[in-house]
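Chemist: Please see the structure below; I have some questions.
The values are calculated or read from the model by the stated rules, or taken from the named source; none is laboratory data. As the structure is a prediction and not an experimental result, all values here were calculated from the model. Cβ atoms come from the backbone with ideal geometry, glycine included; neighbour counts cover every protein chain shown. Only protein heavy atoms, including side chains, enter the accessible area calculation; ligands, DNA and RNA are left aside. Shrake-Rupley method; radii C 1.70, N 1.55, O 1.52, S 1.80 Å.
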Amino acid sequence: MVIKNDKLVNIILIVLFVYVWVINAWVSDDAHITFRSIEQLFAGNGLVFNIGERVQTFTHPLWLLVHLPFRLLTENLYIINVFLSFIFSFATVALILKYCDNSVSRIVIIISLLFSKTFIDYTSSGLENPLSYFLISILFLTQFNKFTVSKKFQIPMISSLLVLCRPDYLILVLPFIIYDLFINKNKLINIIIGLSHLLLWELFSLIYYGSPIPNTMISKFNTGIDRTELISYGLKYFKESFIFDPTIILIFFPILLSLKQNKKLIFKNFVIISILLYLIGVLYAGGGFMSGRFISITVLMSLLLLIDIKLKSKISYLLLGLPIILSIFSFTHTFKFAKHVDNKLGVIHNDISDERLVYFDELGFINKQFNNAKHEWEYFGEKISKGAYGDSLFIYSVMGLLPYNAGVDKHFIDFLGLCDPLLSRFPLSKQYNFRQGHIRRSLPLGYIESILLDSNKIENEKISTFYNDLKYISSSNIFDIERLNKIWKINFHNYDLPKIYQSDEFQEIKYAPYNKVKMKFYLDKISESEKNKDWKTALESAIAMTEHTSIESNIANATKRSLYYLVKLNDQKGFAYLIENMYGKYGITEEFGLDLGRAAKEDGLIDFSINIYAFILQRNPNSKSARFRLNELLEIKN
């Protein structure tokens, strides 16, 4: 089947892609972890996260490296990142349009991708996906004989670049390496030469950082979570990703067509093996917390199979039509500009989030560039950079926007362990529930003092010994012989670190020491909001206070304020829920309830005030004050 005006169709598809990309473009918080490492490099501190601590906190070395030439031209890493994301995503689409000879297949591939929320969400995001899309497209097209990069080296070379995008892509490319070695009969030496980019980086990583794998992966390997629970979480990840984007099922249509047509062991069969192996790997690792992120590349790989499928029957055309029919159900996800999200928790199901919507208001491309949107962590980071709080050490779980905006000279301890070389070696703290990508660790006693004093003050003997070696590797001269010995030791020696946190060895600190910094930030924001009578912002800040502190006085203060702001907003439903759960705690007493009832009455909210007094009487039928005021209001109302 040939479609007339082929060029016009391609132009329409390109215009549609650009439109969909622009209205969906965003940059995630995690991308700013990489941005901070880049800024440290340009500040003369090396590819590090904290000054004087060589730790690889970025998972995608190749994606970081392609940013560096552009950083010479501008300091705006947000724009550099968005530009690169667009270039690689656009190049992927352009390659499909140029080299897919069958008109129907070409239209189906592009339309299916445009309607796939999973694919479109990660054509930007600030993460490595766009570069991965481009590289996997190059690999497929070379094997479909559309063009040649370097026949002897093309599969191992592109595979090595993919692994440099994400180390776990090793599972993805392994079948292709096997295919090249045993089916193409390529020489082993050619494969080794083709993999040289990866081998050189691993050597650099081992010497410079003391580890061949990123700290982010070390953190995920040491969760202490039972494998059965991880697999259960992986199943939940697939389920919730499908709920967020039903078009994920697109993966199976091209696979079915490919299996129907191919009887012998050729490249497309290895593609199917690669997809299945990778998805099994995602399942085994426990999935992730960003819906669709680890599935998106397999959606593209499956659709790319259509480039080399010969359509011979009406059944084939019918199967090709199904993805388009299915995609219609996803129209509002990709073709409509995202609406403001009042409740960020509304886009998180079972700990799996629609990450784009979580950050889109403040970090979406259009909002950022044309509405000057800013996330609260950017404001907070900028205040830190200007010395508003005077501290140089901060303990948080937010390692993207906040540290990036705080400046390269501020030291951050990441209690999730992703950016901390010591905490990444410990399992989930018994105080917290498991959420993938958010493994909360407790701090060994003496760790904060060790950072502040630049001297090992850790009390646990085994942890102290390990920290000595870790500190030596991350801060001493790179080619120090003793350092090289310690690199060997830390990678192969068992330090017998504690597997279970014990109260006499670890301390629980949720955010900055004693929470002073964060609490002052929220109190300043509340004060400003109260002055402007912006009760909604005041409520959001008060709620955030309760989420970022474990100190009872702070929780009591924030809870009381939240109830007061709910009265001001006339939010009876939210008020009823909060007071039902908090009454009798944190100073939420009958006396305080009477004050709230009076505040509601003063604002003319008679029904609200009646409900408050009725609630107090429900809890204490003998309350004379509540009964008197209730009767008084009922008389006024009647």
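Chemist: Could you give the length gained on full extension between Arg619 and Lys430, defined as 0.36 nm per residue of separation minus the Cα-Cα distance, in nm?
Modeler: Working it through step by step, the gained length comes to 64.6 nm.
Chemist: Heads up, I need the accessible area for Leu170: 1.4 angstrom probe, whole protein in place, Å², nearest 10.
Modeler: Here the residue's solvent-accessible area equals roughly 100 Å².
Chemist: Residue farthest toward the positive end of the dipole of the chain, with Cβ of Lys/Arg at +1 and Asp/Glu at -1: which of Phe147, Trp488, Val18?
Modeler: Value: Phe147.
Chemist: Another question, then. Under 10 Å from the Cβ of Lys117, count the other residues' Cβ atoms, weight Lys and Arg +1, Asp and Glu -1, and hand me the total.
Modeler: Net of charged neighbours comes to -2.
Chemist: Past the 26 Å Cα-Cα mark, which pairs from Lys383/Lys531; Lys98/Lys268; Lys98/Lys151; Lys533/Lys560; Lys410/Lys462; Lys410/Lys585?
Modeler: Lys410/Lys462; Lys410/Lys585
Chemist: Report the antiparallel proportion of the DSSP beta bridges in the chain as a percent, rounded to a multiple of 5.
Modeler: 50
Chemist: Can you give me the accessible area per residue for the chain, using a 1.4 Å probe, in Å²?
Modeler: Per-residue accessible area for the chain comes out at 44 Å².
Chemist: First select every other residue whose beta carbon is under 13 angstrom from the beta carbon of Val299; then total the charges, Lys and Arg +1, Asp and Glu -1.
Modeler: 0
Chemist: Per the 1.4 Å probe, what fraction of the accessible area of the stretch 1-130, in percent, lies on carbon and sulfur atoms?
Modeler: That share works out to 69 percent.
Chemist: Please give the FRET efficiency for Ile189 paired with Phe147, using the beta carbon to beta carbon distance and R0 = 25 Å, rounded to the nearest 0.05.
Modeler: 0.55
Chemist: Okay, next question. For Glu75 and Asn631, what does the FRET efficiency come to when R0 = 56 Å and r is the distance between their Cβ atoms, rounded to the nearest 0.05?
Modeler: With R0 = 56 Å, the Cβ-Cβ based efficiency is 0.25.
Chemist: Of all the accessible heavy-atom surface of the stretch 170-277, with the other protein chains kept in place and a 1.4 Å probe, what percent is carbon and sulfur?
Modeler: About 75 percent, which is the carbon plus sulfur part of the accessible surface.
Chemist: Report the charge-dipole magnitude of the stretch 1-138 in Debye, nearest 20, computed about the Cα centre from +1 at each Lys and Arg Cβ and -1 at each Asp and Glu Cβ.
Modeler: For the stretch 1-138, the charge dipole is close to 420 debye.
Chemist: Right, next: How do the peptides 92-101, 105-114 rank, highest first, by the average count of neighbouring beta carbon atoms within 10 Å per residue?
Modeler: 105-114, 92-101
Chemist: Next question. Taking N as the number of residues in the chain, what is its Cα Rg relative to 2.2 N^0.38 Å?
Modeler: 1.09
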